[in-house]
Amino acid sequence: MSLLWHEAVGVMQRLENWLAHVNHTEYSGHCELLPHGQTPGRHVRHILDHYLALSVALSSGTDIDYEHRQRDPRVEVDSSYALMLLQCVQTELATHIKHGDRALILHYCTDDDNAPVTTTLARELVFLTQHSIHHFALVEMLVVIQGGAMPPGFGVNPSTRRYETSQGVEQSLCAP
């Protein structure tokens, strides 16, 4: 469990470092090339909503419900607020992680019904880490399309970094 938490924290720290330095235009700027008002801030809000859903479930003893997220619009436009929220979530999750893995129920919605799914805290950490990296790659794309710059490897999966290291390849600057 500690290895999973260590990797999850490393991924969250990438976001934390970026949020601490991003300017308002890069964070909340719309990309006109893409539909649905895509902004880096919108993807950050989506990422944080998922971490918050797990945190709420752990704190309250309820099922995890990624469907009914907070969707706080302030997170989409205020990187300082997003940073504060991320730090709070990290602190909250750390208190639960120290108690080890445990069984959880994920509330999964389909078009027709709700389906409870048995899962574990460890499995949800893996999901959140992979889900975050996926959205980091989208954030990176949005910022770069608008002429901004991102930290090297921001949207690169830890497994890609490990593979490249094992192959003696220079670290990726983009995400496959």
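The values are calculated or read from the model by the stated rules, or taken from the named source; none is laboratory data. Predicted model, so just to flag it, every value in this text is computed and none were measured. Heads up, the Cβs are rebuilt from the backbone with ideal geometry, glycines too, and the neighbour counts pull from every protein chain shown.
Quick notes on this structure:
- Just one of the listed residues (THR118, THR165) is polar (S, T, N, Q), under 24 Å from TYR51 (Cα atoms), out of contact with any helix residue (DSSP H, G or I) (no Cβ under 9 Å at 6 or more places or on another chain) and surrounded by fewer than 14 Cβ atoms within 10 Å (Cβ to Cβ), namely THR118.
- Test result for ALA82, touching a strand residue (DSSP E or B) at 6+ places or on another chain (Cβ under 6 Å) and crowded, with 17+ Cβ neighbours inside 10 Å: no
- Once the stretch 1-26 is narrowed to residues that are loosely packed, with under 15 Cβ neighbours inside 10 Å and among the aliphatic types (A, V, I, L, M), the residue that is farthest from the chain's Cα centre (by Cα) is LEU3.
Rundown of residues vs (1) surrounded by fewer than 17 Cβ atoms within 10 Å (Cβ to Cβ); (2) touching a helix residue (DSSP H, G or I) at 6+ places or on another chain (Cβ under 6 Å); (3) among the β-branched types (Val, Ile, Thr); (4) farther than 28 Å from ASN23 by Cα, yes/no style:
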residue: TYR66; (1), (2), (3), (4): no, yes, no, yes
residue: PRO73; (1), (2), (3), (4): yes, no, no, no
residue: HIS107; (1), (2), (3), (4): no, no, no, yes
residue: ASP112; (1), (2), (3), (4): yes, no, no, yes
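- Residues of the stretch 103-116 that are within 21 Å of the chain's Cα centre (by Cα) and either β-branched (Val, Ile, Thr) or at pLDDT 95 or above (or both): LEU104, ILE105, LEU106.
- Residues (in contact with a Phe, Trp or Tyr (Cβ under 8 Å, 6 or more places away or on another chain) and not in a helix (DSSP H, G or I)) located in the stretch 79-106: LEU106
- Test: residue in the stretch 133-145 that is surrounded by fewer than 20 Cβ atoms within 10 Å (Cβ to Cβ) and on the phi > 0 side of the Ramachandran plot: no
One line per residue, one yes/no per condition, for (1) touching a residue at least 40 places away in the same chain (Cβ under 8 Å); (2) under 19 Å from ALA8 (Cβ atoms); (3) in contact with a Ser or Thr (Cβ under 8 Å, 6 or more places away or on another chain):
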{"position": "GLY100", "(1), (2), (3)": "yes, yes, no"}
{"position": "TYR108", "(1), (2), (3)": "yes, no, no"}
{"position": "ASP111", "(1), (2), (3)": "no, no, no"}
{"position": "ALA115", "(1), (2), (3)": "no, no, no"}
{"position": "GLU124", "(1), (2), (3)": "yes, yes, no"}
{"position": "HIS131", "(1), (2), (3)": "yes, yes, no"}
{"position": "PHE154", "(1), (2), (3)": "yes, yes, no"}
{"position": "ARG162", "(1), (2), (3)": "no, yes, no"}
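- Members of the stretch 123-151 found to be of a type in the set (A, V, I, L, M) and either in a helix (DSSP H, G or I) or modelled with pLDDT of 95 or more (or both), listed by number: LEU125, VAL126, LEU128, ILE133, ALA137, LEU138, VAL139, MET141, LEU142, VAL143, VAL144, ILE145
- For ARG45: the one exception among (1) assigned to a helix (DSSP H, G or I); (2) among the charged types (D, E, K, R); (3) modelled with pLDDT under 95: (3)
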